[in-house]
Amino acid sequence: MEIYLDNSATTRAYDCVAELVSKVMVEDYGNPSSLHRKGVEAEQYIRYAREVIAASMKVSEKEIVFTSGGTESDNLALIGAALANRRMGRHIITTCIEHPAVMQTMRYLEEQGFQITYLPVDRFGIIRLEDLRCAIRRDTILVSIMHTNNEIGSLQPIGEAGALIKNMNPRIIYHVDAIQGYGKFRIYPKKMNIDLLAVSGHKIHGPKGVGFLYINEKIRIVPIVYGGGQQKGMRSGTENVSGIAGLGKAVEQIYENLEAERAAMYELKERFVQGVLQIPEVKINGLTGEMSAPHVVSASFRGVRSEVLLHALEEKGIYVSAGSACASNKAPKPSDTLRAIGLEKELLDATLRFSLSVFTTQEEIDYTLQTLYDVVPVLRRYTRR
């Protein structure tokens, strides 16, 4: 039996996505910049994907720029906006629990002379709007707040923050990393005052290596990739046609029955949360229920090292995470998010992330719970000897 509960790291592609990607790579493989029929066929895939994505957010098709994924989308948004608007100021606001794609980009911008304010979060991993209000200065040019935290599933007050920012200064650019939220919620940038919004394909059952950035047509950012001038010069390079086609298909699929599938995930998540809390000395990090993401559960198992428990579950065919997959190739270090919410020091290295998808079943949740009931007491006895 194989049970995949690491969907915040990546997701299995929909069958229809895999089939379309293969078809485009093998049959409709033209360069979309070519003038002949093969090129026109390729361009049609890009046009259709752009239409589907724009419709999902009620924005204009010309406001969608395709990228290699979430990291590039965040980099283009933040670096592009900061460099384009630095004459108006050099102050940027973000949160202390952002994904490395944002956090490391902020470090780079600090090296370029920008001042960054990192907003704290409460014990549930949520910013306080009053802290945001107090942080905004006359020279603030950019605010970046993630929609859904990838480690504990906390949801930020994105709409309220957007209204606050624009009421204080309409010229401030508002960026949202929606990589864990898009495809789980309906996100409307115009309504929420979002100027830049980053999405990655492989988090929504699409291909890896492709994503997009929504760019409000009224704001100015500069490109960070130069070359042949594709996508109106905003992101040069031959488009990943098969990936873009697959991304469009994934968006179409995931938004078709969004509410029903999200409700099913919330139900499975609650079943898992209540079940895992039956184990003594287990703590759930962040909020649960509909105040949190439908697919992420962060659980700390006192007395058991996360890496040990992760591999014990793996031996039983259950795949989970001990943190952000994007940082897994580095030397282990305590999670910034877990530290930010004030998690006890001894629990920092005793925490696992379980993340669900539309493919997760009740049988898989029950099997995972039973496995935890079996292995956690054994590992605790071994650890405490």
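Taking amide H as placed 1.01 Å from N in the peptide plane, Q115 has its amide H under 5 Å from the amide H of H91, I92, each at least 5 places away in sequence or on another chain.
Among the lysines of the stretch 166-325, pairs at least eight places apart or on separate chains and with Cα atoms under 14 Å apart come to 8. Across the stretch 24-86, the relative contact order, built from alpha-carbon pairs under 8 Å that are at least six residues apart, equals 15 percent.
Each stretch of four or more DSSP H residues adds -39500 (n - 2.57); spread over every residue of the chain, this sum gives -12500 deg cm²/dmol at 222 nm.
Only Cα pairs under 8 Å and 6+ residues apart enter the sum, and on that basis the relative contact order of the stretch 99-217 stands at 18 percent.
Between A260 and K190, what is 0.36 nm times their sequence separation minus the Cα-Cα distance? Round to one decimal in nm.
Value of the extension gain: 22.7 nm.
I'd like the distance between the alpha-carbon centres of the stretch 207-236 and the stretch 64-112, rounded to an integer number of Å. Using only Cα atoms, the two centres lie 14 Å from each other. For the pair K166 and D139, label points projected 7 Å from Cα toward Cβ lie 2.7 nm apart. For the stretch 20-32, 3J(HN,Hα) computed residue by residue from phi via the Karplus equation (6.51, -1.76, 1.60; θ = phi - 60°) reads 5, 4, 4, 4, 5, 5, 9, 10, 9, 8, x, 7, x Hz, glycine and proline entered as x. Between K345 and K218, the contour length at 0.36 nm per residue exceeds the alpha carbon distance by 41.1 nm. Probe radius 1.4 Å, ligands and nucleic acids ignored: give me the carbon and sulfur share of the accessible area of the chain as a rounded percent. With neighbouring chains kept in place, the figure for the chain is 50 percent.
Give me the distance between the Cα centres of the stretch 20-61 and the stretch 151-171, rounded to whole Å. Here the answer is 33 Å between Cα centres. Across V59, V176, V199, mean-square fluctuation computed from a Gaussian network of the chain (C-alpha pairs under 10 Å connected) peaks at V59. Around the Cα centre of the stretch 68-173, unit charges on the Cβ atoms of Lys, Arg, Asp and Glu (plus for the first two, minus for the last two) sum to a dipole of about 500 debye.
Which length gain, in nm to one decimal place, applies between R271 and S34 when the Cα-Cα distance is subtracted from 0.36 nm times their residue separation?
Additional length available on full extension: 80.1 nm.
Please report the accessible area of V102 (heavy atoms, 1.4 Å probe, ligands and nucleic acids excluded) in Å², nearest 10. Counting only protein heavy atoms, the figure is 0 Å².
Here the contact order of the chain, divided by its residue count and restricted to Cα pairs under 8 Å and six or more residues apart, works out to 24 percent. Bridge orientation summary for the chain: considering DSSP beta bridges with both residues in this region, about 50 percent are antiparallel. Its Cα gyration tensor gives the chain an equivalent ellipsoid. The semi-axes, each the square root of 5 times an eigenvalue, are 35, 27, 17 Å from largest down. Label positions at E27 and L129, each projected 7 Å from the Cα along the C-beta direction, are separated by 5.1 nm. Take the chain with all the other protein chains still there, run a 1.4 Å probe, and you get 44 Å² of accessible area per residue.
The values are calculated or read from the model by the stated rules, or taken from the named source; none is laboratory data. None of the values given here were measured: they were computed from a predicted structure. For neighbour counting, all protein chains shown are included, and Cβ atoms are generated from backbone atoms with ideal geometry for every residue, glycine included. Ligands, DNA and RNA are excluded from the accessible area calculation, which covers all protein heavy atoms including side chains. Shrake-Rupley method; radii C 1.70, N 1.55, O 1.52, S 1.80 Å.
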